[in-house]
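Reading through the structure tokens given below for one structure.
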Amino acid sequence: MTHPYRVIVLTSDKYIHALRPYAYLFEKYWIPNVPVLVAGFSPPPFSLPDNFSFTSLGNFADYPFNRWSDALIKLLNNIPDEVFVLMLEDYWITRQVDTNAVQMLVDYTHQFGYVMKVDLCADRLYAYGADLSYATCGYLDLVKSMPGSPYHMSLMTGVWRKEHLLRHLIPGESPHDVELTGTFRVSHDQNVLILGTRQWPLRHTLGLRGADPNTILLNELHPSDVEEMTKLGYFKPWEKDK
């Protein structure tokens, strides 16, 4: 059975301009397009593609860095999606996404209730101690993140099951806390699995690596994409730092 799904993109007032390159690259490389829900605080001061929608989680000032998890918990409690793809606004896609593979992994996560996350990048593939021959899903080779592997709760792009993610989130954590202490919590839960693939269905760069909203990294994008987005003015918030 094929299950429709959404991509959920988390952003904030500090990083919201990164949505413009994000949306441009998403529309180009995620074909066919799927619905995208942007979750942030203040609405973006620019238009988004028709398949994008925006929901506000409240006032940005009410969710400082060390309450990042509170905003995510609020979002998850207010959306109907049981399985979804989760991304951040500076995850700028660099090449064509294998959308058939994404759909298969969404369906796999629906089918097997113990699957908490399926990594869509290579995060789990190269994790220490991963089981590289766990199972298959269609033409995909699945890898399993073992209890001793680091970053089970990595926020790199993946397919997530909401009930398990909610159960392992706690209030009062930064994104770094979620990834680090959240990994410790998941490592002690024998009822869920964190998976990945050998095939790497999606490739993206971290446009604002280092969490600096004034510095962008463009070297992993195709030069034609950089040229076009520069012409469109999508990098203007950062021009002084280029």
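The values are calculated or read from the model by the stated rules, or taken from the named source; none is laboratory data. Computed from a predicted model, the values in this text were never measured in an experiment. Cβ placement follows ideal geometry from the backbone for every residue including glycine, while neighbour counts extend to all protein chains displayed.
Side notes on the structure shown:
- Positions within region 1-14 being assigned to a loop (DSSP other than H, G, I, E, B) and buried (at least 20 other Cβ atoms within 10 Å of the Cβ), in sequence order: Y5, T11, S12
- Residues of region 123-146 classified as among the hydroxyl-bearing types (S, T, Y) and surrounded by 19 or more Cβ atoms within 10 Å (Cβ to Cβ), total: 1
- Test: G210 is touching a Lys or Arg at 6+ places or on another chain (Cβ under 7 Å) and either modelled with pLDDT under 95 or not basic (K, R) (or both): no
- Hey, S133 in contact with a His (Cβ under 6 Å, 6 or more places away or on another chain) and of a type in the set (S, T, N, Q) or not: no
- Residues that are in contact with a helix residue (DSSP H, G or I) (Cβ under 7 Å, 6 or more places away or on another chain) and touching a residue at least 60 places away in the same chain (Cβ under 8 Å) within region 13-53 comprise H17, P21, Y24, L25, W30, I31, P32, listed in sequence order.
- Only one of L208, L217 that is on the phi < 0 side of the Ramachandran plot, assigned to a loop (DSSP other than H, G, I, E, B) and under 17 Å from the mean Cα position of the chain (by Cα): L208
- Looking across region 49-71 at every residue that is of a type outside the set (F, W, Y) and touching a strand residue (DSSP E or B) at 6+ places or on another chain (Cβ under 7 Å), the one that is nearest to L165 (Cα to Cα) is identified as L57.
- Contact annotation: residue pairs with Cβ atoms under 7 Å, 6 or more positions apart or on different chains, pairing a residue in region 136-151 that is more than 15 Å from T183 (Cβ to Cβ) with a partner that is basic (K, R) and surrounded by fewer than 19 Cβ atoms within 10 Å (Cβ to Cβ), are D141/R198; V143/R198.
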